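For reference, the structure discussed in these notes is given below.
No lab work stands behind these numbers, since they all come straight from the coordinates. The structure presented is a predicted model; accordingly, all values stated were derived computationally and were not measured. In this analysis, Cβ positions are derived from the backbone assuming ideal geometry, glycine residues included, and neighbour counts consider all displayed protein chains.
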Amino acid sequence: MSQEIRPEADFQAHLAEGRFMILRARGSGRCFWPPRVAEPRTGDTDLEWVEASGEGVVYSTTVMRPRPPAAPYNVALIDLAEGARMMSRVEGPAPEEVSIGMKVRARIAAGEDGPLVVFDPA
C-alpha cells in the first residue's frame, strides 16, 4: 500500500469535499464497497481511491415502514457502474415506486451525522 488507507475517515473526508470516492485494488482493478483496508477477494492492500461515476442500477429494494408519524422510506442495494454494490436509498419517488433495474445517479446529501451518498432516478 503506497499510503495509509483509513477507510471510514478517508471516505467521510472525500464526501465533505463533495467527492464520491470508492476504493480500487491496483492489482486486480476491482472496486469494492464498503471501504476497508484490503480487497475482499484477494486481501490485496495496494489500494487507491478513485472517483465514482455516480451511475448505478437498483439491484434490490425494500420499503421500511417505521411507526407513525415517521414516513416510510426505501433501503436499496445499488450496483455501481464500477462493479461495487452499496446499500443506500433512492430519493424522489415514493418508496413503493423504487424498482429493481431502475437506473439511478448518486449525489451527496446532508445527513444527521454528516454527508452521505443517496441516489436519485437517472
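Take the alpha-carbon centre of the stretch 80-95, take the same for the stretch 54-69, and report the distance between them in whole Å.
Distance between centres, Cα-based: 8 Å.
Helix 7-16 against the longest principal axis of the chain: what's the angle in degrees, Cα atoms only, rounded to the nearest 10?
The answer is roughly 60 degrees.
Can you give me the Kirkwood hydrodynamic radius for the stretch 53-122, using every pair of distinct Cα atoms, in Å to one decimal? Working shown, then result.
Details: mean 1/r = 0.0816 Å⁻¹.
Kirkwood hydrodynamic radius for the stretch 53-122: 12.2 Å.
Under unit Cβ charges (Lys, Arg +1; Asp, Glu -1), what dipole magnitude, rounded to 20 debye, does the stretch 1-109 have relative to its Cα centre?
Result for the stretch 1-109 is approximately 320 debye, rounded to the nearest 20.
For the stretch 1-51, just say rounded, prolate or oblate: build the C-alpha gyration tensor, square-root its eigenvalues into a ≥ b ≥ c, call rounded for a/c under 1.5, and beyond that prolate if a/b exceeds b/c, oblate if not. Intermediate results must be reported in sequence, preceding the final value.
Values: a/c = 2.02, a/b = 1.76, b/c = 1.14.
Since a/c reaches 1.5 and a/b is larger than b/c, the shape of the stretch 1-51 is classed as prolate.
What does the charge count near residue 103 come to, summing +1 for each Lys or Arg and -1 for each Asp or Glu among other residues with Cβ under 13 Å from its Cβ? It would help to have the intermediate numbers written out before the result.
Numbers: positive: 105; negative: 55, 79, 120.
Cβ neighbours under 13 Å give a net charge of -2.
Quick check on the chain: helices-only [θ] at 222 nm, where DSSP H runs of length 4 and up contribute -39,500 (n - 2.57) each and the sum goes over total residues. Nearest 500, please.
Values: 1 runs with 10 residues, N = 122.
Value at 222 nm, helices only: -2500 deg cm²/dmol.
Find how much the distance from residue 51 to residue 19 grows on full extension, using 0.36 nm per residue of separation minus their present alpha carbon separation; answer in nm with one decimal.
That works out to 10.8 nm of additional length.
Translational D (Stokes-Einstein, µm²/s) of the stretch 5-122 at 20 °C and 1.002 mPa s when Rh comes from the Kirkwood sum over C-alpha pairs? Walk me through the numbers before you get to the answer.
Values: Rh = 15.0 Å.
Estimated via Stokes-Einstein, D reaches 143 µm²/s.
So which residue, out of 26, 85, 65, gets the largest mean-square fluctuation from a GNM of the chain using Cα contacts under 10 Å as springs?
65
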